[in-house]
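*Asks:* Could you have a look at this structure, given as C-alpha cells, before my questions?
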Amino acid sequence: MAKTVMTTSELQSRVGQQVGVSRWFEVSQARIDAFADCTEDRQFIHVDPEAAQTTPFGGTIAHGFLTLSLASAMSYDAVAPLKGAVMGINYGFDRLRFLAPVRAGSRVRGRFRLLSAEDRGAGRWLLKHEITVEIEGDDKPALIAEWLGMQVMAG
C-alpha cells in the first residue's frame, strides 16, 4: 500500500513502470444492491439471484461501473501521492474495456502502471495510469483502463 510521497522528478522516472497494487475489495451482493439503488440500474443480472442463475453467469454479477468506481479506493491504496499536490481531479479515460464479469462474492484489486506524467503548467500535472482490475482466482481481468488524473499543486 502506497503511503510515501513522490516528487515530480521521481514520478517522471517511474513512467512505464508498475507503481502499485491495491488491497483486495469484496464485491458482495449487498454492495451490488447498494450500487443498484444509487444508480437506479436494477437489471436482474445484478439484483435477482434466482433469475441470474439461469444466465451463463450462473448468478448475479457486479455492474461494470461498480467495478470501475472501486478504482478510486484502489488508487488511494496503491499510488503514492504527489508531493505538494493539494487535490487530484478525475480527468477521464482514454480507453476502457470490461473484459470479464465480477460475480457476487468475488474479490477484486487494482494494479497500476504509470503511462505518462505531463507538466501542464500552472501547477498542474496530468497523469495517465493503466489500471488492471484483477479478479481473485481468475486469469482474465474484470477491466483494463487508461485513467487520466490531474494533480493540482499548492502554489
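The values are calculated or read from the model by the stated rules, or taken from the named source; none is laboratory data. As the structure is a computational prediction, the values presented were derived from the model and not from experiment. Every residue, glycine among them, receives a Cβ derived from its backbone with ideal geometry; neighbour counts consider all protein chains shown.
*Asks:* Within region 36-46, does at least one residue satisfy the condition of being in contact (Cβ under 8 Å) with a residue 24 or more places away in the chain, assigned to a helix (DSSP H, G or I), touching a helix residue (DSSP H, G or I) at 6+ places or on another chain (Cβ under 6 Å) and under 22 Å from ARG103 (Cβ atoms)?
*Replies:* Within region 36-46 (the criterion being in contact (Cβ under 8 Å) with a residue 24 or more places away in the chain, assigned to a helix (DSSP H, G or I), touching a helix residue (DSSP H, G or I) at 6+ places or on another chain (Cβ under 6 Å) and under 22 Å from ARG103 (Cβ atoms)), the answer is yes, since at least one residue qualifies.
*Asks:* Follow-up. Mind listing whichever residues of region 111-123 are surrounded by fewer than 16 Cβ atoms within 10 Å (Cβ to Cβ) and either under 13 Å from the mean Cα position of the chain (by Cα) or farther than 19 Å from GLN18 by Cβ (or both)?
*Replies:* GLU118, ASP119, ARG120, GLY121, ALA122, GLY123
*Asks:* When the residues of region 40-77 are filtered to those that are more than 10 Å from the chain's Cα centre (by Cα) and of a type in the set (A, V, I, L, M), which remaining residue is surrounded by the most Cβ atoms within 10 Å (Cβ to Cβ)?
*Replies:* ALA62
*Asks:* Quick one: in region 47-64, of everything that is touching a Phe, Trp or Tyr at 6+ places or on another chain (Cβ under 8 Å) and in a helix (DSSP H, G or I), which residue is farthest from VAL133 (Cα to Cα)?
*Replies:* Only one residue tops the list, namely ALA51.
*Asks:* Sticking with this one: Any idea which of VAL133, VAL108 is aliphatic (A, V, I, L, M), closer than 29 Å to GLN53 by Cβ, surrounded by 14 or more Cβ atoms within 10 Å (Cβ to Cβ) and touching a Gly at 6+ places or on another chain (Cβ under 6 Å)?
*Replies:* VAL133 is the lone residue from the list that is aliphatic (A, V, I, L, M), closer than 29 Å to GLN53 by Cβ, surrounded by 14 or more Cβ atoms within 10 Å (Cβ to Cβ) and touching a Gly at 6+ places or on another chain (Cβ under 6 Å).
*Asks:* Quick one: ALA80 ticks every box in (1) under 26 Å from GLU130 (Cβ atoms); (2) modelled with pLDDT of 95 or more; (3) outside any helix (DSSP H, G or I); (4) touching a helix residue (DSSP H, G or I) at 6+ places or on another chain (Cβ under 9 Å) bar one, so which box is it?
*Replies:* Here ALA80 clears every test but (2).
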